[in-house]
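Report on one structure; see the data block that follows.
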Amino acid sequence: DAKTTQPNSMESNEEEPVHLPCNHSTISGTDYIHWYRQLPSQGPEYVIHGLTSNVNNRMASLAIAEDRKSSTLILHRATLRDAAVYYCIGGEGGGADGLTFGKGTHLIIQP
Amino acid sequence: DGGITQSPKYLFRKEGQNVTLSCEQNLNHDAMYWYRQDPGQGLRLIYYSQIVNDFQKGDIAEGYSVSREKKESFPLTVTSAQKNPTAFYLCASRGAIVGRAEAFFGQGTRLTVV
């Protein structure tokens with residue numbers, strides 16, 4: 001998996017958009033970019049993944065830079081339930097090796 | 001409901017004892033994984049299996065053992081050789097189709113060795 005760099009923590013206000021950045025400058029051309037989040041004392045939960053194009057789903061949007069060296073997870077309207085550790089992972093999209101989780105970004109949502 | 005189940009949620013063991021953590025999935029996934037998480041840290045891969053009767057070591061396999069006799073089950077044994085076994089253990093499964101890369105995680109087992 002590609003090495004990723006994320007800020008240790010970020011803070012945002014409830015009902016405002018949140019942009020979580022991730023740098024993955026060593027990503028290969030076939031590596032997908034995955035995002036997971038983990039609430040306290042729970043297993044990680046899939047958020048979104050993409051390869052080259054921007055992606056949207058019911059939870060979030062993923063904006064991928066044209067050179068694929070960075071990406072941004074966008075939560076359009078943060079709620080208190082979005083407070084979690086968010087992990088950005090660059091890796092192959094199949095089911096072979098396990099995904100490599102770094103320390104992620106601890107997102108704090110203020111009411 | 002489809003999903004991945006770990007049991008028990010909390011486990012206490014005396015030092016020097018082996019202990020087995022259960023992981024079962026009904027998602028028909030070929031690939032299954034065990035991770036360890038220490039406080040404030042990310043997840044580290046212990047073992048993974050891509051198919052029944054086959055498994056590979058991850059980054060921190062020493063002191064652990066696994067088996068994969070059935071597609072649905074991937075139990076992890078924490079042996080007495082593991083020097084610092086107290087941690088949060090997470091099991092995951094994943095489909096093998098390229099592009100369909102979502103991994104499903106169990107709720108974890110918190111192991112405390114006293």
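The values are calculated or read from the model by the stated rules, or taken from the named source; none is laboratory data. Bear in mind the structure is a predicted one, so any value in this text is a computation, not a measurement. So basically every Cβ, Gly included, is an ideal-geometry build from the backbone, and we count neighbours across all protein chains shown.
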Meets criteria (over 20 Å from A:Trp35 (Cβ atoms) and surrounded by 20 or more Cβ atoms within 10 Å (Cβ to Cβ)) for B:Thr79: no
Qualifying residue in region B:64-76 (condition: closer than 30 Å to A:Leu51 by Cα and either surrounded by fewer than 13 Cβ atoms within 10 Å (Cβ to Cβ) or at the interface with another protein chain (Cβ under 9 Å from one of its Cβ atoms) (or both)): no
A:Asn13 being more than 10 Å from chain B (Cβ to nearest Cβ) and free of Cβ contacts under 8 Å to residues at least 40 places away in the same chain: no
Residue among B:Thr86, B:Thr5, B:Thr77, B:Thr112 that is within 12 Å of the chain's Cα centre (by Cα), polar (S, T, N, Q) and either modelled with pLDDT under 95 or over 25 Å from A:Tyr46 (Cα atoms) (or both): B:Thr77
B:Lys14 surrounded by fewer than 15 Cβ atoms within 10 Å (Cβ to Cβ), more than 30 Å from A:His106 (Cα to Cα) and away from chain A (no Cβ under 13 Å): yes
Test: residue in region B:43-51 that is loosely packed, with under 14 Cβ neighbours inside 10 Å and away from chain A (no Cβ under 11 Å): no
Test: residue in region B:84-96 that is in contact with a Phe, Trp or Tyr (Cβ under 7 Å, 6 or more places away or on another chain), surrounded by 16 or more Cβ atoms within 10 Å (Cβ to Cβ), over 25 Å from A:Cys88 (Cβ atoms) and more than 10 Å from chain A (Cβ to nearest Cβ): no
Hits in region B:7-43 (condition: polar (S, T, N, Q), under 18 Å from B:Glu102 (Cβ atoms) and in contact with a strand residue (DSSP E or B) (Cβ under 7 Å, 6 or more places away or on another chain)): B:Gln25
